[in-house]
Amino acid sequence: MKAVICIETRLEVDDIPAPIPARGQVLIDVSRCGICGSDLHARVHADEMAELAAVTGYRGFMRSHQRVVLGHEFSGTVADYGPGCRKRWPVGTAVVALPIVRTGSDIHLTGLSASAPGGYAEQVVVQESMTLPVPNGLSAERAALTEPMAVAWHAVRKGDVGKRRTAIVIGCGPIGLAVISMLKASGVRTVVAADFSTRRRELARHCGADVVVDPAAASPWTSYPRRRETTSITEVLALGLDTMEKLRRIPKLPWWHAFALADAVGATPSGPVVFECVGMPGVIDGILAGAPLRSRVVVVGVCMETDAFRPALAINKEIDLRFAIAYDPREFRDTLHMLADGRVDPSPLITGTVGLAGVESAFAALGSPELHAKILIDPENTTASL
């Protein structure tokens, strides 16, 4: 079969042996495969990413000298089954799958390991247990976005925003746009999106952002109605002092119950939930400096360089700092059904489609934020450029 091979930062189309599904695996004819930011990073930073993965216990991540078929955001149709499968769906059934496979006794990440070739190809192998049929006639293009949208859904759930709390998305690349879409699908009333790119701000509006900000011209921290928010510790101290003075004027009042009640109904000062979707050095520290007191920050962008921020700043502002990656099978399944039921429209993210011969030009195009967000690969497409 034809596939795009990544080796020593090069991308080249080649004929390679067609994959054979092992026990419990399904062979999929790839319909569409998305190009992920992780793929862009892996092409040039594979060895650094492999070292980081090894620290967390995964030693199968791709290395720069290996011949690797990238691609973990894919949709397709069932082509064949390996031994020991239950053969749940007829050949030709449209499916998606979590990009994780078992090779012998080892687990590998599909499209990010030389041991698990990905979806930049005509066919890909997946685990039957991790495969889901595509419901409601969802198109192959939208189904392929199940994986990145599931990443966003996991981050949104990690943020635990609540409908009345403001969400601020810093960075409107593909993952930031997906987070915006999922925030609105979850019922968050006010979503602020900030990006320096005119094109990405436009896409943020299409994804449902209520307020869109160019950080070069305005601050995202002052661009929305702020309720019970403050950037000054002095204001918080003054609020506490004023409240105590009022409560202590009432004889025999158990004033501590008033504090407990205010806490229970959400009347105490709190900041927005901020989603960091940039993944560049200095962004986290900038958010800690600008965000209101008692904000929650969810780091979704993957910074591949050593970064630094001031812990004392986060402590003084009592900021809740969380990190999010990937998703679990339930979140993946729920995302697929949100797409199929029309609760989320991922189409604004899709800005181009290429064939296997056009993957290198697509990687180059994705280097400019003004051109594209998500480019899909159609293995049957003979187009060599966008």
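The values are calculated or read from the model by the stated rules, or taken from the named source; none is laboratory data. Source: prediction; values computed, not measured. With ideal geometry, Cβ positions are generated from the backbone for all residues, glycine too; neighbour counts draw on all protein chains shown. With ligands, DNA and RNA removed, areas are computed over all heavy atoms of the protein, side chains included. Shrake-Rupley method; radii C 1.70, N 1.55, O 1.52, S 1.80 Å.
Note on region 268-303: residues that are touching a Lys or Arg at 6+ places or on another chain (Cβ under 8 Å) and open to solvent by 60 Å² or more (accessible area, probe 1.4 Å) total 1.
Look at region 304-343 and say how many of its residues are open to solvent by 100 Å² or more (accessible area, probe 1.4 Å), outside any loop (DSSP other than H, G, I, E, B) and closer than 17 Å to I233 by Cα.
Of region 304-343, the ones open to solvent by 100 Å² or more (accessible area, probe 1.4 Å) are 305-306, 310, 315-316, 318, 323, 325, 330, 333, 343.
Filter once more, keeping what is outside any loop (DSSP other than H, G, I, E, B): 315-316, 323, 330, 333.
Pick out the ones that are also closer than 17 Å to I233 by Cα and you get 315-316.
Count: 2.
Among the criteria (1) assigned to a loop (DSSP other than H, G, I, E, B); (2) farther than 30 Å from A53 by Cα, the one H257 does not fulfil is (1).
Across region 231-267, what is the total count of residues that are of a type in the set (S, T, N, Q) and either loosely packed, with under 14 Cβ neighbours inside 10 Å or touching a His at 6+ places or on another chain (Cβ under 6 Å) (or both)? Residues flagged as of a type in the set (S, T, N, Q) and either loosely packed, with under 14 Cβ neighbours inside 10 Å or touching a His at 6+ places or on another chain (Cβ under 6 Å) (or both) within region 231-267 amount to 2.
From the list D29, D106, exactly one residue is open to solvent by 40 Å² or more (accessible area, probe 1.4 Å), without any contact (Cβ under 8 Å) to a residue 60 or more places away in the chain and over 21 Å from the mean Cα position of the chain (by Cα). Which is it? Outline the logic, then answer.
On the way: D29 fails: without any contact (Cβ under 8 Å) to a residue 60 or more places away in the chain.
On inspection, the qualifying residue turns out to be D106.
For first residues located in region 209-226 and β-branched (V, I, T), partners that are open to solvent by 50 Å² or more (accessible area, probe 1.4 Å) and lie 6+ apart or on another chain with Cβ distances below 8 Å form the pairs V212/R205. Of the residues contained in region 196-205, none is found to be surrounded by 15 or more Cβ atoms within 10 Å (Cβ to Cβ), in contact (Cβ under 8 Å) with a residue 12 or more places away in the chain, closer than 22 Å to I319 by Cβ and in contact with a strand residue (DSSP E or B) (Cβ under 9 Å, 6 or more places away or on another chain). Count of region 269-285 residues, restricted to those that are touching a strand residue (DSSP E or B) at 6+ places or on another chain (Cβ under 8 Å) and touching a residue at least 40 places away in the same chain (Cβ under 8 Å), is 9.
For region 179-191, state whether one or more residues are of a type in the set (K, R) and over 24 Å from A326 (Cα atoms).
Just the residues of region 179-191 that are of a type in the set (K, R), to begin with: 184, 189.
Next cut, over 24 Å from A326 (Cα atoms) only: 189.
Checking region 179-191: at least one residue is of a type in the set (K, R) and over 24 Å from A326 (Cα atoms).
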